[in-house]
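Only one structure is covered here, and it is reproduced in the block below.
The values are calculated or read from the model by the stated rules, or taken from the named source; none is laboratory data. Everything quoted here is computed from the prediction, not taken from an experiment. No Cβ is skipped: glycine too gets one built from the backbone with ideal geometry, and neighbour counts run over all protein chains shown.
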Amino acid sequence: MVFNKRKRIRNANYARDSFVTRRAELKINALADLFKLAAGKSYIQMETGLLQRELTFSGFHYLNFLRLIYNWENRFMSVNYNLQITSDFSTDSDLFEETGDCNFFLKCNQGLFSNKRNYLWKCAHWEGSETRLNLYIERLSNPLIFERLKMLDIMEMEIQYKADWGYWRMSCESIIGSATWILIPPVFSMITPKLEECIKFLELYELIGDALINNKEGIIK
């Protein structure tokens, strides 16, 4: 089964060292500091790259790291820095039962006359039984997951797995934490998250990690 997806711009690796990039670096630094605070004693260390910060954790059940990435998008008289948050969940666990290659993505529907968002998981690629697929969709549709998706203004999310990887890869994009450079008047602003929102991000990744890794219960072969 295949669904069409709009491909996002993900180009942080092509960023140049410029005045605007250095300003964006200050914003992503501030964002990383908030996530460090949210993780508390679970935070271990941070690795720094251009427009990227990788925070390492210890003590969570599934979340070992978060990678914060600013992908830039040129617009008329402005540059958007769209926040992408990625992580990998290792399948080296007794809770995990091997599955085939697959790719899930989140579909967000918003009413024409309201800001209410409804979320639905779709499958872009699946190798395996329909029963197993439906169980994954059911676990990912946990109300606690959907609650956090709405709270955090998650616009896009993708989850991929390949048998030779040994991990699930999860990536999401959110308005919260993104930044914009406006040329006239010259101003650089970030949609600054609250501390409780950063905590909800960590909770969201833990919940999804559980849905992906703990896949044995209820499986019908």
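What the table below lists for this structure:
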quantity	calculated
Subset tally (residues that are at pLDDT 90 or above and β-branched (Val, Ile, Thr)) for the range 121-141	1
Of the criteria (1) in contact with a Lys or Arg (Cβ under 8 Å, 6 or more places away or on another chain); (2) part of a loop (DSSP other than H, G, I, E, B); (3) farther than 18 Å from Lys200 by Cβ, which one Gly59 fails	(3)
Residue match in the range 170-189 (condition: surrounded by fewer than 17 Cβ atoms within 10 Å (Cβ to Cβ), closer than 20 Å to Phe65 by Cβ and more than 17 Å from the chain's Cα centre (by Cα))	no
Identity of the residue in the range 7-28, part of a loop (DSSP other than H, G, I, E, B) and touching a residue at least 12 places away in the same chain (Cβ under 8 Å), that ends up surrounded by the fewest Cβ atoms within 10 Å (Cβ to Cβ)	Asp17
Answer from Leu135, Leu144, Leu152 - the residue that is touching a residue at least 12 places away in the same chain (Cβ under 8 Å), at negative phi and surrounded by 18 or more Cβ atoms within 10 Å (Cβ to Cβ)	Leu152
Flag if Leu63 is in contact with a Phe, Trp or Tyr (Cβ under 9 Å, 6 or more places away or on another chain), free of Cβ contacts under 8 Å to residues at least 40 places away in the same chain, of a type outside the set (Val, Ile, Thr) and buried (at least 18 other Cβ atoms within 10 Å of the Cβ)	no
Unmet requirement for Leu95, which otherwise passes all of (1) assigned to a loop (DSSP other than H, G, I, E, B); (2) out of contact with any Ser or Thr (no Cβ under 9 Å at 6 or more places or on another chain); (3) within 26 Å of Asn71 (Cβ to Cβ); (4) not hydroxyl-bearing (Ser, Thr, Tyr)	(3)
Tyr43 among the hydroxyl-bearing types (Ser, Thr, Tyr) and within 21 Å of Ser189 (Cα to Cα)	no
Those residues of the range 53-104 which are farther than 19 Å from Tyr167 by Cβ and among the polar types (S, T, N, Q), in sequence order	Asn71, Asn74, Ser78, Asn80, Asn82
Subset of the range 74-102 (residues that are surrounded by 14 or more Cβ atoms within 10 Å (Cβ to Cβ), over 14 Å from Ser174 (Cα atoms) and either among the charged types (D, E, K, R) or modelled with pLDDT of 95 or more (or both))	Ser87, Asp88, Phe89, Glu97, Asp101
Selection count where residues are under 17 Å from Glu203 (Cβ atoms), modelled with pLDDT under 95 and among the hydrophobic types (A, V, I, L, M, F, W, C), scope the range 166-175	1
Residues (in a strand (DSSP E or B) and either surrounded by fewer than 21 Cβ atoms within 10 Å (Cβ to Cβ) or in contact with a helix residue (DSSP H, G or I) (Cβ under 6 Å, 6 or more places away or on another chain) (or both)) located in the range 155-169	Met155, Glu156, Glu158, Gln160, Tyr167, Trp168, Arg169
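Per-residue answers, yes or no, for (1) under 21 Å from Pro193 (Cα atoms); (2) aromatic (Phe, Trp, Tyr); (3) in contact with a Lys or Arg (Cβ under 6 Å, 6 or more places away or on another chain):
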| position | (1), (2), (3) |
| --- | --- |
| Arg10 | no, no, no |
| Ala30 | yes, no, no |
| Leu34 | yes, no, no |
| Leu37 | yes, no, no |
| Tyr70 | yes, yes, no |
| Phe76 | no, yes, no |
| Ser93 | no, no, no |
